[in-house]
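The values are calculated or read from the model by the stated rules, or taken from the named source; none is laboratory data. Small disclaimer: the values here were computed from a predicted structure and weren't measured. Neighbour counts run over all protein chains shown; Cβ positions are idealised from the backbone, glycine included.
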Amino acid sequence: MTRRTAETRNGSRLRLAADIGGTFTDIAVFDDRTGNLSFGKALSTPHRLVEGINAGVVKAGSSYKSAGLFLHGSTIAINTILERTGAKTALLVTEGFRDIYEIGRINRPDAYNLFFRKHEPLVERALRFEVKERVLSDGEIETPLDDAEIDALGRMLERLGVEATAILFLNCFARHEHEARAKAILERNHPHMFVSASHELSEEYREFERCSTVAANAYIGPIVRRYVREIDDYIRSEGFSGSFLIVQSTGGLYQAEQAKRHCVHMLESGPAAGVIGTQALCRALGLKNAIAFDMGGTTAKAGVIHKGEALTSGAALIGGYERALPVQIAMMDIFEVGTGGGSIARVENGGLRVGPQSAGAAPGPACYGLGGKEPTVTDANLVLGRLAADRFLGGEMRLDIEAAERALTERVANPLGMDVTAAAEGILRIA
């Protein structure tokens, strides 16, 4: 299938794959005809993503014009949720169910913790609005949707500066007419607003899970849409004429245009590709069981290969078990935490905390020498001698151990009354 796609579009048998993480961008180029595989690695460039891709493509000795397929895996979606850097989002929900998103399920993961705190919704309560409509569980319409009400809500959302809107109407998995109409009205009157309806992502019952799923899609939608558009526009301008496909959370692929709308399917895009790669490696080595572990700049992920197959799930908890937000979509069964090489260490209320905020590639960890002042997991590893200062990024980038020690001393060691080595060890224990 992949070869057929590449040959049909422009005759090329060259596949170019890019994985953009919060800190580094990795490029792989594979030639179907010769079997040649080459790689390139460069710092990610958040201000202009294509610069990091370009640097990696050049190092891999390839070009966009020569490729028939551009395959892409990314952590942009999951990082946006974990770092809470998404769009200002509103939620339209059936009258009487405004708080379903916050109430969630009755189950409590940590029953004996007196200081337990529930999940933090991606949509604040002030931006959740009830709509007078009702569809019964068998699909019968009990209360028709009033188009004028949606129109008025749309104008109010515009005034509030809302960038994205999620729509969750009760029982829309049985009949999605109301959701579809509401979305059409908002998109027609507010073309710059990202609008997402729950039935497009999950046609299953469980209102809380569908609500959380559509809220997540809307929350990351504007960011992911701009991200994909920037890459697509650039590679086309550089002469690429093949297919641009993005890795889904299942490990499969979908078109870039679909990714701009159904962004939540990209939540485990990069990690899923890693699990698929591990599965292929296991088959080549004759292994039946394995654990795939991937620690990037912002997050750490783990997946499982069991009896030669990658474990999958029909739903997942994003953000750790205790305070997780559920998403009801098919995906690789991957566990993820907000700790990576760029995770920032800090003293908070007298205790040491690490992540989920990340220094990213710019300015990056203090040891990168790019202006970063905050100590990170990478700085701690360098101070403890676990990283060689002159061998980072294949020797292309020399790390500044003095800057790392200074950051750890000022931000962690001195406030906690310990030496820099103990501070570095503490950071790694927590991470």
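Points to keep in mind about this one:
- Residue that is in contact with a Pro (Cβ under 7 Å, 6 or more places away or on another chain) and either surrounded by fewer than 14 Cβ atoms within 10 Å (Cβ to Cβ) or of a type outside the set (Ser, Thr, Tyr) (or both), where the choices are Arg411, Arg391: Arg411
- For the stretch 248-277, a residue qualifies if it is among the polar types (S, T, N, Q) and touching a Gly at 6+ places or on another chain (Cβ under 7 Å), and exactly one does: Ser269.
- Of the strands (runs of 3 or more DSSP E) lying entirely inside the stretch 234-350, the ones with 3 or more residues being free of Cβ contacts under 8 Å to residues at least 60 places away in the same chain and in contact with a strand residue (DSSP E or B) (Cβ under 8 Å, 6 or more places away or on another chain) are found at 290-295, 300-306.
- The stretch 147-170, residues that are over 19 Å from Pro222 (Cβ atoms), free of Cβ contacts under 8 Å to residues at least 60 places away in the same chain and buried (at least 20 other Cβ atoms within 10 Å of the Cβ): Ile150
- Residue within the stretch 209-226 that is in contact with a Pro (Cβ under 8 Å, 6 or more places away or on another chain), hydroxyl-bearing (Ser, Thr, Tyr) and modelled with pLDDT of 90 or more present: yes
- Gly355 out of contact with any Phe, Trp or Tyr (no Cβ under 7 Å at 6 or more places or on another chain), assigned by TED's automatic domain parsing to the domain that holds Val412 and in a loop (DSSP other than H, G, I, E, B): no
- Filter result for the condition that a residue is among the acidic types (Asp, Glu) and in contact with a helix residue (DSSP H, G or I) (Cβ under 7 Å, 6 or more places away or on another chain), over Glu133, Glu120: Glu133
- Selection count, the stretch 351-380, where residues are surrounded by fewer than 24 Cβ atoms within 10 Å (Cβ to Cβ), in contact (Cβ under 8 Å) with a residue 24 or more places away in the chain and more than 25 Å from the chain's Cα centre (by Cα): 3
- Out of Ser62, Ser38, sole residue that is among the hydroxyl-bearing types (Ser, Thr, Tyr) and farther than 19 Å from Tyr234 by Cα: Ser38
- On inspection, Phe194 passes the criterion of being in the same structural domain as Glu95 (by TED's automatic domain parsing), of a type outside the set (Asp, Glu) and closer than 21 Å to Ile223 by Cα.
- The residue that is surrounded by the most Cβ atoms within 10 Å (Cβ to Cβ), counting only those in the stretch 76-112 that are in contact with a Lys or Arg (Cβ under 9 Å, 6 or more places away or on another chain) and farther than 30 Å from Gly154 by Cα, is Pro109.
- Among the candidates Ala407, Ala422, Ala431, the residue that is hydrophobic (A, V, I, L, M, F, W, C) and more than 29 Å from the chain's Cα centre (by Cα) is uniquely Ala422.
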